[in-house]
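First comes the structure, then the notes that go with it.
The values are calculated or read from the model by the stated rules, or taken from the named source; none is laboratory data. Predicted model only: the values in this text are computed from it and were never measured. Reconstructed Cβ throughout: ideal geometry from the backbone, glycine too, with neighbour counts over all protein chains shown. Note: areas computed on protein heavy atoms with side chains; ligands, DNA, RNA excluded. Shrake-Rupley method; radii C 1.70, N 1.55, O 1.52, S 1.80 Å.
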Amino acid sequence: MFCSTHSIDAHKPNFHFGSKEKSLFQSIRVFQPVDHDDLDNLSLLRFNALWEAYYRHDSLLVFSTGRSPTSYKELRNKKPLLTPDITIMSVGTEIAYGESMVPDTAWTQYLNQKWNRDIVTQETAKFPELTPQSEKQQRPHKVSFFVEKAKAWEIINVLPKRLEERGLDVKIIYSSGIALDILPQGAGKGQALAYLLKNFKVDGKVPVHTLVCGDSGNDAELYSVPEVYGVMVSNAQEELLQWHTQNAKNNPNIIHATERCAAGIIQAIGNFCLGPNVSPRDIRDFQKCKVDIFGPSHEVVKYYLFYERWRRAEVEKSEQYVQNLKSVFCPLGIFVHPSGGEQPFHQCIDSMAKLYGDMQGHRFRVWVDRISSAQIGSDIWLVKFHKWELSGIELQCYVTTVLMSLKAELPDGFSWVHVHQTQLDGSRAGDQTIWCF
């Protein structure tokens, strides 16, 4: 997951990972989990539920992509991607932190060594076989082209020497059978991750374990990092599989999954015994299937999965389900609607009961992101998260705050006491007449 052969003296910016600053990171997951052939995004939604229920509170999620920041943000608007703690973009030439994507300027300065973009463009112009990629894919430390496979290797054998003669030190990465990227020698997904790990080590926050996932040639460096677990998903490109055969086929800590994309990541977590690997989305009846690990995060994920299934008519229309819900919501609890109005929990649950099956046959999904929880009393928890709801092409996000109390007599121990929701800035306003949280 991390690999570095360079001395990096830069320090990461003054960025904090919330409550995770207080202790060692249990784990780090580095990947780009999107399956563009999965139009319903089911494997991604399975991963989302698993991560938010069991890993968000003590692990770091790192998305590593060849996309530029602009292209990555466009993808986030199309797919149900969670908010990563760190984003590595542009084939490892850009690192950003948190939801606001604070750039790591020290990493940028380090990549300036023996790099001159103008010289790169001058030399590559001498190869008519190279077709420049779109302008949004061109970055300060990444010059990108499309080129046929047969021609690519000829260029890779000649171009670095020409650039070296002009004082540069570069690397060329070929991936997906068509994309050729020219980067500073110190750049790349593996080097970016190595830089992050080095900074965590300096801060005394070395992760207990690290898992990386990839599907193309520009991911190969990730697997060269010592002491990491790696998974090549079933849909991995030929160049990555070839690299594995030549360099890591005897490494037991790198596997080729039988599942695609995010599903392959879940498979790897189970294969390496890195933690829970059954997504709450794979549990059809929480009443009959009890889990060994539960807490406020699991309670939130479980509720919104039921909410989605109720409206899609994927669970039985049973009064027992409604009564079970009322048993875990405080009788005196209040829901503060995004409009500012208030309503008792029991009325909200009655309103939800009437919506059974209203989204059957429709494109309707619900997921949660950025769950954080803190114990603020002997038996009181404050939980915050973003609730996303996709209905057709309409996507709404609600910033949600929940007070929960620990009740030993309840099956999973938690009772909802208070819920407050506001519309996320920039999110389209949903139906203000529906009193469901």
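Over 22 Å apart at the Cα level, from the set Lys73/Lys136; Lys354/Lys407; Lys114/Lys249, are Lys354/Lys407; Lys114/Lys249.
Cross-link partners for Lys126 among the aspartates and glutamates, with Cα-Cα distance under 12 Å and sequence neighbours closer than 8 places in the same chain left out, do not exist in this structure.
Taken per residue, the accessible surface of the stretch 44-175 reaches 42 Å², heavy atoms only and a 1.4 Å probe. Computed in the context of the full set of protein chains, the accessible area of the chain at 1.4 Å probe radius has 50% of its extent on carbon or sulfur. The lysine pair tally for the stretch 147-223, using Cα distances under 19 Å and a gap of 8 or more places or different chains, is 7.
Applying the criteria of a DSSP loop state and at most 14 other Cβ atoms within 10 Å to the GluC sites (Glu not before Pro) of the stretch 58-100 yields Glu99. With protein chains left intact and a 1.4 Å probe, residues in the stretch 195-287 average 44 Å² of accessible area per residue. With protein chains left intact and a 1.4 Å probe, residues in the stretch 312-432 average 50 Å² of accessible area per residue. The C-alpha atoms of the chain define a longest principal axis, and helix 189-202 lies at about 70 degrees to it. At the residue level, Thr70 shows approximately 70 square angstrom of accessible surface with a 1.4 angstrom probe and all protein chains present. The charge dipole of the stretch 295-417, taken about its Cα centre with unit charges on the Cβ of Lys, Arg, Asp and Glu (plus for the first two, minus for the last two), comes to roughly 240 debye. Straight-line cross-link partners of Lys317 among the aspartates and glutamates, defined as a Cα under 14 Å from its Cα and at least 8 positions apart when in the same chain: Asp285, Glu308, Asp350, Asp358. For the chain, modelled as a GNM whose springs connect Cα atoms under 10 angstrom apart, the maximal fluctuation among Asp203, Asp58, Asp104 occurs at Asp203.
Placing unit charges on the Cβ atoms only, positive for Lys and Arg and negative for Asp and Glu, gives the stretch 42-135 a dipole magnitude near 240 debye about its Cα centre.
Residues in the stretch 53-70 carry Karplus couplings, in order, of 6, 10, 10, 3, 6, 9, 10, 9, 9, 10, 9, 10, 9, x, 5, 6, x, 5 Hz; the curve used is 6.51 cos²θ - 1.76 cosθ + 1.60 with θ = phi - 60°, and Gly or Pro positions show x.
The residue list Tyr195, Ala374, Asn251 was ranked by how far each Cα lies along the charge dipole of the chain toward its positive end, using unit charges on Cβ atoms, and Tyr195 comes out on top. Ordering 209-217, 248-256 by mean Cβ neighbour count within 10 Å, with the highest value first, yields 209-217, 248-256. Using a Gaussian network for the chain with springs between C-alpha atoms less than 10 Å apart, which of these wobbles most: Gly377, Gly167, Gly98? Residue with maximal mean-square fluctuation among Gly377, Gly167, Gly98: Gly377.
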